[in-house]
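Input: a single structure, listed below in structure tokens.
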Amino acid sequence: QVQLVESGGGLVQAGGSLRLSCTASGLIFSTAIMGWCRQTPGKEREFVSAVTWTGDTFYTDSVKGRFTISRDNAKNMVYPQMSSLKPEDTAVYFCAVFRSGDIYNSRNYDYWGQGTQVTVSS
């Protein structure tokens with residue numbers, strides 16, 4: 001079955017950087033559109049970024065210019081590089097596989113990983 005394992009979260013000061021990673025198995029990774037979403041307590045899961053198999057990228061407005069998503073099809077991995085982090089970026093970040101529809105809608109993703117906590121202190 002499809003498995004997604006995230007890593008790389010942690011505590012960072014505002015303005016700092018973190019690089020998350022997601023390792024995927026059980027799917028044809030080279031043709032999958034991979035995405036990242038985040039969630040804070042009491043809020044709905046929010047789309048953050050996505051990357052197609054050809055390297056086309058998509059970002060929510062609040063992270064444009066600060067986050068960069070990339071992938072390595074040979075390793076079945078996807079990497080969001082997060083820079084200029086803000087306290088409002090604090091959330092649990094999840095890797096997921098895009099299913100269909102609006103790529104900016106977190107409800108259109110399946111096979112969620114367990115998530116990795118990112119905490120940005122002010």
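The values are calculated or read from the model by the stated rules, or taken from the named source; none is laboratory data. Fair warning: this is a prediction, and the values are worked out from it, not measured in the lab. Here the Cβ is made from the backbone with ideal geometry for all residues, glycine too, and neighbour counts use every protein chain on show. When the accessible area is computed, the model is the full protein with side chains, heavy atoms only, and any ligands, DNA or RNA have been set aside. Shrake-Rupley method; radii C 1.70, N 1.55, O 1.52, S 1.80 Å.
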Selection of chymotrypsin sites (Phe, Trp or Tyr not before Pro), region 30-66, meeting DSSP coil and at most 15 other Cβ within 10 Å:
W53
Taking 0.36 nm per residue of separation between R99 and I28 and subtracting their Cα-Cα distance, the length gained on full extension comes to 24.2 nm
In region 1-62, GluC sites (Glu not before Pro) in a DSSP loop with at most 14 other beta-carbon atoms within 10 Å:
E44
Solvent-accessible area, 1.4 Å probe, carbon plus sulfur percent, for region 1-88:
50
Can you compute the modelled spin-label distance between S84 and W112, with each label point 7 Å from Cα toward Cβ, in nm?
2.9
Result for the chain: accessible area per residue, probe 1.4 angstrom, in square angstrom, of 50
Can you tell which of Y59, Q13, S106 lies farthest toward the positive end of the dipole of the chain, using +1 and -1 charges on the Cβ of basic and acidic side chains (Lys, Arg; Asp, Glu)?
Q13
If each Cα of the chain is one equal point scatterer, what is log10 of I(q)/I(0) from the Debye formula at q = 0.20, 0.22, 0.23 Å⁻¹?
-1.08, -1.31, -1.43
If you restrict to DSSP beta bridges whose two residues both lie in the chain, what percentage is antiparallel, to the nearest 5?
90
How many angstrom lie between the Cα centre of region 95-117 and the Cα centre of region 57-74?
14
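State to the nearest 20 debye the size of the charge dipole of the chain about its Cα centre, where the only charges are +1 on K and R beta carbons and -1 on D and E beta carbons. It would help to have the intermediate numbers written out before the result.
Working: 11 positive and 10 negative charges, 24 e Å.
My answer is approximately 120 debye.
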How about region 1-88: which trypsin sites (Lys or Arg not before Pro) there lie in a loop by DSSP and see at most 12 other Cβ atoms within 10 Å?
K43, K64, K75
